[in-house]
Amino acid sequence: MFPGYVQLFQHVEPGFDVTRIAIKIPSTWEGMMACHTLELAGVRTLATTLFSMPQAVLAAEVGCTYISPYVNELKVHMIPGLVDEAKLLPLCRAIQEYYKSINASTQLLAASLTSTDEIFALAGAAHITIPPNLLEQLTQPKPENTPSLFDSAPTEELPAPGTSYLNDPGNFQITFSRDGNGSSHIKLTEAVNIFCDFQDKLEQFMKSAA
């Protein structure tokens, strides 16, 4: 699959630097193992649909270039008026602090934002994905008193030194499934299903247009 992506980019821009490509892969156990294989082959990866610290720990172990913690569960973008009452802003801060403590090369790239308040709260994060509508709102004067979570140390307990899941899939699955009383696993499953549904619709559209 990856050589095909490279050929597409090089068709548009001969001599394209392939190190600019990062393959987005869901943060399941299987997805993380795929990231490990690709990173060992020199292909940059981004572990997406990430909702928990265990996923972040494993992503660093397999050498992902980036991770995308979803501040809001994905379905808030699909259901008008739905609000995620358990936003993962503190998790983003905790992950970045954990990565700093273990000198990990993996970088935070926060995603699934719904307001400029969330963007201001993430000031200090390594990277942020900002949708066009929020970029437009950022052209307006910044409101006063918009502190960042990164102005202070995380209050969440960080993983113990030496925490590892790479060679223990059972432990990872159990720990992840229990994270947030099961909410992290539910959010991941819902996100993957949403993306799969859109892929099915796209494939059906392409077939009908052929």
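The values are calculated or read from the model by the stated rules, or taken from the named source; none is laboratory data. All figures in this text were calculated on a predicted structure; none of them were measured in a lab. Heads up, the Cβs are rebuilt from the backbone with ideal geometry, glycines too, and the neighbour counts pull from every protein chain shown.
Inspect all residues belonging to the stretch 6-18 and state whether any of them is of a type in the set (Phe, Trp, Tyr), over 14 Å from Leu109 (Cβ atoms), in a helix (DSSP H, G or I) and more than 16 Å from the chain's Cα centre (by Cα).
Yes, that holds for at least one residue.
Filter the stretch 15-36 down to the residues that are farther than 21 Å from Ser184 by Cα and modelled with pLDDT of 95 or more and list them by number.
Residue satisfying the conditions is His36 alone.
Suppose we filter the stretch 93-125 for residues that are in contact with a helix residue (DSSP H, G or I) (Cβ under 8 Å, 6 or more places away or on another chain), of a type outside the set (Val, Ile, Thr) and surrounded by 18 or more Cβ atoms within 10 Å (Cβ to Cβ); how many remain?
14
Quick check, is Ala123 small (Gly, Ala, Ser), more than 13 Å from Ala56 (Cα to Cα), free of Cβ contacts under 8 Å to residues at least 60 places away in the same chain and part of a loop (DSSP other than H, G, I, E, B)?
In short, yes.
If you scan the stretch 173-210, which residues turn out to be acidic (Asp, Glu) and closer than 18 Å to Leu91 by Cα?
If the condition is that a residue be acidic (Asp, Glu) and closer than 18 Å to Leu91 by Cα, then Asp179 is the only one that fits.
When you scan the stretch 48-64, do you find a residue that is without any contact (Cβ under 8 Å) to a residue 24 or more places away in the chain, more than 22 Å from Ile186 (Cβ to Cβ) and touching a strand residue (DSSP E or B) at 6+ places or on another chain (Cβ under 6 Å), even just one?
No, there is no match, as no residue in the stretch 48-64 is without any contact (Cβ under 8 Å) to a residue 24 or more places away in the chain, more than 22 Å from Ile186 (Cβ to Cβ) and touching a strand residue (DSSP E or B) at 6+ places or on another chain (Cβ under 6 Å).
Can you spot a residue in the stretch 141-159 that is in contact with a strand residue (DSSP E or B) (Cβ under 8 Å, 6 or more places away or on another chain) and either within 20 Å of Thr45 (Cβ to Cβ) or not aliphatic (A, V, I, L, M) (or both)?
No, the stretch 141-159 contains no residue that is in contact with a strand residue (DSSP E or B) (Cβ under 8 Å, 6 or more places away or on another chain) and either within 20 Å of Thr45 (Cβ to Cβ) or not aliphatic (A, V, I, L, M) (or both).
Working only within the stretch 149-198, note down all residues that are of a type outside the set (A, V, I, L, M, F, W, C), surrounded by 15 or more Cβ atoms within 10 Å (Cβ to Cβ) and assigned to a loop (DSSP other than H, G, I, E, B).
Pro154, Pro159, Thr163, Tyr165 - these are the residues of the stretch 149-198 that are of a type outside the set (A, V, I, L, M, F, W, C), surrounded by 15 or more Cβ atoms within 10 Å (Cβ to Cβ) and assigned to a loop (DSSP other than H, G, I, E, B).
Of the residues that make up the stretch 30-53, is at least one closer than 27 Å to Leu158 by Cα, part of a loop (DSSP other than H, G, I, E, B) and among the aliphatic types (A, V, I, L, M)?
No, that holds for no residue.
Working only within the stretch 78-111, note down all residues that are assigned to a helix (DSSP H, G or I), under 15 Å from the mean Cα position of the chain (by Cα) and among the charged types (D, E, K, R).
Listed by number, the list holds a single entry, Arg93.
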